[in-house]
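Asker: The structure under discussion is supplied below as C-alpha cells; questions concerning it will follow.
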Amino acid sequence: MSSGIRFDKVTVAYGKNVVLDSLDLTVEPGEVMALLGPSGSGKTTALRAVAGFVQPVSGRVLIGERDITALPPYRRGIGMVVQQYALFPHLRVEDNVAFGLKAQKVSKAEIPGRVAEALEMTGMASYAARYPRELSGGQQQRVAIARALAIRPNVLLLDEPLSALDAQLRSGMLAELARLHRELPEVSILYVTHDQVEALTLADRIAVMDKARLQDCGTPQDLYRRPRTEFTASFVGNANLLPVQVGSGSVTLRSTVLKVNTEGVAPGASATLCVRPHLVGLGEDGPNALRGTLVEVQWRGSTHRLYVDIAGHRVKADVRELRETPALGEDVTLHFAPEDAVLLGARVGETEVLAGALDG
C-alpha cells in the first residue's frame, strides 16, 4: 500500500460542536507534515481521524488511494506515538515493541528480528530486557517509537511526542526523529505539536490550524519569512505586527514613513506591517528608523530583547547581548531593512489583497 495521507473535506463534530471543519489537506508520500496550532485548534482531532479514533460526520480520509474512513484502527496499518508513551509497565522493552506485531499476527519466527531491527534503529537495542520503570523519559519515548516502527507502517502519527520531556531531552529527540526520517524516506509522518521549534526543525511543510480550520500551509521557510496572515505571523515564530497606511513604495505608521515593498497594494489601503524581532536593530541605520521609549529589557543569554513603545505599539527587538543596556524610560531608535518587512491583509474598500512580496 502506498503512503501519503489525504483529508478530503473532513468534518468532525460532537453534537453541534464542530471540532474540525472541512479539512482539505494532502501529506505527500515520505513527507513530514506538522499540524501546528493552539489548544482546541483541531490538530489532534485531525490526527485521530487518521488513526480511526474519531469518525468524521462528512468527508473522507485516504492513505494512498485507499479510503480508510470506515476502517477500524487495527486495519489501517498505521504506527502511532502519543505524549505519555503508553507502554505496558508489566512487559519488558522487547515485549512492548513486539505487541503490535503479535496483534497483526506476524509469524513467531519473524517477530524477534523485527523487534531487534526497531530497537537498533532507535538506539535501544541494549535495553531490550528492561522494564519501562527502569528507563528515563527519553528512553521510554524511544521504545514507543520503536514499537510504532516495528510494524513497518507507511504512515507514522506523532501526537505531541516530546511535550513530556525536558528541554535537553526534547532537543536530542528532535535530532533522533530527523535521523529516523532520513533512514525511512518512504514513511509519511503527521506530527501534531503546539511547539513552533519542533515544527520548524522537523517538518517539510507546516499546516497551521486555528478554530477547527486550516489557516495556512507551506514550508517552514515560507511561513516564517513570508507569512500570509497575521495569525500565521504571530504563531509561527514571533512577530511585530503594526497597523499602517500604504503609500507608493512606502507605508506610514502614524506620522513615520517607512520604505517597504508595496507591489500589488494600491496606495491608500490599510495593512499590517510584519517584521520579525531578530531583524530589528538598535540605533539609526538605513531608511527605516522607529523612535520610541524603552519600556522593558529581557536578557536572554546571547541576546537582549528590547520592548519599545512606538506610537502606542509595543515593538520587540532581539539584539546581540549589550554590554550596557539603555535605561528604562530612555528614548531609543530601532531600525529594519525594507526587504525584511512583509505587508499582510491589505484592504482597499471591501477587497482584500496581499503584498506582491508574498507571491514568491
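Asker: Enter the angle in degrees (range 0 to 90, nearest 10) between the Cα long axis of helix 167-183 and the first principal axis of the Cα atoms of the chain, meaning the one along which they spread out most.
Answerer: The helix 167-183 is inclined about 70 degrees to the chain.
Asker: Rounded to the nearest 10 degrees, what's the angle between the helix 93-103 long axis and the longest principal axis of the chain, both from Cα atoms, 0 to 90?
Answerer: The helix 93-103 is inclined about 80 degrees to the chain.
Asker: Suppose every K and R has +1 on its Cβ and every D and E has -1 on its Cβ; what is the size of the dipole of the range 20-94 about the Cα centre, in Debye to the nearest 20?
Answerer: For the range 20-94, the charge dipole is close to 300 debye.
Asker: How large is the dipole of the chain about the Cα centre if only Lys and Arg carry +1 and Asp and Glu carry -1, each at its Cβ, rounded to the nearest 20 debye?
Answerer: The calculation lands at about 1180 debye.
Asker: Assuming 0.36 nm per residue, please report the length gained on full extension of the stretch Arg300 to Gln221 beyond their Cα-Cα distance.
Answerer: Residue separation times 0.36 nm, minus the Cα-Cα distance, leaves 26.1 nm.
Asker: Cut-off is 10 Å between beta-carbons; in what order do Lys43, Lys105, Lys259 appear when sorted fewest neighbours first?
Answerer: Going from sparsest to densest Cβ surroundings: Lys105, Lys259, Lys43.
Asker: Report the calculated FRET efficiency for Glu117 and Ser270 (r = Cβ-Cβ distance, R0 = 56 Å), to the nearest 0.05.
Answerer: 0.45
Asker: Can you check what the net charge comes to around Tyr85, using other residues whose Cβ is under 10 Å from the Cβ of Tyr85 (Lys, Arg +1; Asp, Glu -1)?
Answerer: Values: positive: Arg142, Arg147; negative: none.
Surrounding charge for Tyr85 is +2.
Asker: Related question: Work from the charge dipole of the chain (Cβ charges, +1 for Lys and Arg, -1 for Asp and Glu, about the Cα centre) and give the residue of Gly301, Val315, Ala178 farthest towards its positive end.
Answerer: Ala178
Asker: Projecting each Cα onto the charge dipole of the range 147-223 (Lys/Arg +1, Asp/Glu -1 at the beta carbon, about the Cα centre), which of Leu149, Pro161, Gln221 comes out farthest on the positive side?
Answerer: In the range 147-223, that residue is Leu149.
Asker: The range 53-80 to the range 139-211: how many Å between their Cα centroids?
Answerer: Between the Cα centres of the range 53-80 and the range 139-211 lies a distance of 20 Å.
Asker: As I understand it, the dipole of the chain uses +1 on the Cβ of Lys and Arg and -1 on the Cβ of Asp and Glu, about the Cα centre. Which of Thr232, Pro243, Leu344 lies farthest toward its positive end?
Answerer: Comparing the listed Cα positions along the dipole, Thr232 ranks first.
Asker: Read phi for every residue in the range 28-35 and hand back ³J(HN,Hα) as whole Hz from Karplus 6.51 cos²θ - 1.76 cosθ + 1.60, θ = phi - 60°, with x for Gly and Pro.
Answerer: 6, x, x, 8, 9, 10, 9, 9
Asker: While we're on this one: Per residue of the range 289-302, in order, report the coupling 6.51 cos²θ - 1.76 cosθ + 1.60 (Karplus, θ = phi - 60°) as ³J(HN,Hα) in whole Hz, putting x for Gly and Pro.
Answerer: For the range 289-302, the Karplus curve yields 10, 10, 9, x, 10, 5, 10, 7, 10, 10, 8, 10, x, 7 Hz.
Asker: Taking 26 Å as the cut-off for C-alpha to C-alpha distance, list the pairs among Lys43/Lys259; Lys43/Lys108; Lys211/Lys259; Lys259/Lys316; Lys9/Lys102 that go past it.
Answerer: Details: Lys43/Lys259 38 Å; Lys43/Lys108 37 Å; Lys211/Lys259 35 Å; Lys259/Lys316 19 Å; Lys9/Lys102 35 Å.
Exceeds cut-off: Lys43/Lys259; Lys43/Lys108; Lys211/Lys259; Lys9/Lys102.
Asker: Next question, about the same structure. Given a Förster distance of 56 angstrom, what is the FRET efficiency for Leu62 paired with Phe88, based on the Cβ-Cβ distance and rounded to 0.05? Write down the numbers at each step before the final one.
Answerer: Numbers: r = 32 Å, r/R0 = 0.56.
Here the calculated transfer efficiency is 0.95.
Asker: Expressed as an acute angle from 0 to 90° and rounded to the nearest 10, what is the orientation of the C-alpha long axis of helix 111-121 relative to the principal long axis of the chain?
Answerer: On a 0 to 90 degree scale, this one is about 20.
Asker: Would you mind putting 213-222, 91-100 in packing order, based on average other-beta-carbon counts within 10 Å, highest first?
Answerer: Going from most to least packed, we get 91-100, 213-222.
Asker: While we're looking at this one, here's another question. If a paramagnetic tag sat 7 Å from the Cα of His278 along the Cα-Cβ line, which residues of the range 228-272 would have the backbone N under 13 Å from that point?
Answerer: Residues 237-239 qualify, since their backbone N sits under 13 Å from the label point.
No value in this document is a laboratory result; all are computed from the given coordinates. It should be emphasised that the depicted structure is a prediction, and the values quoted were computed from it without experimental measurement. When we count neighbours, we look across all protein chains shown, and the Cβ atoms used for this are built from the backbone with ideal geometry, even at glycine.
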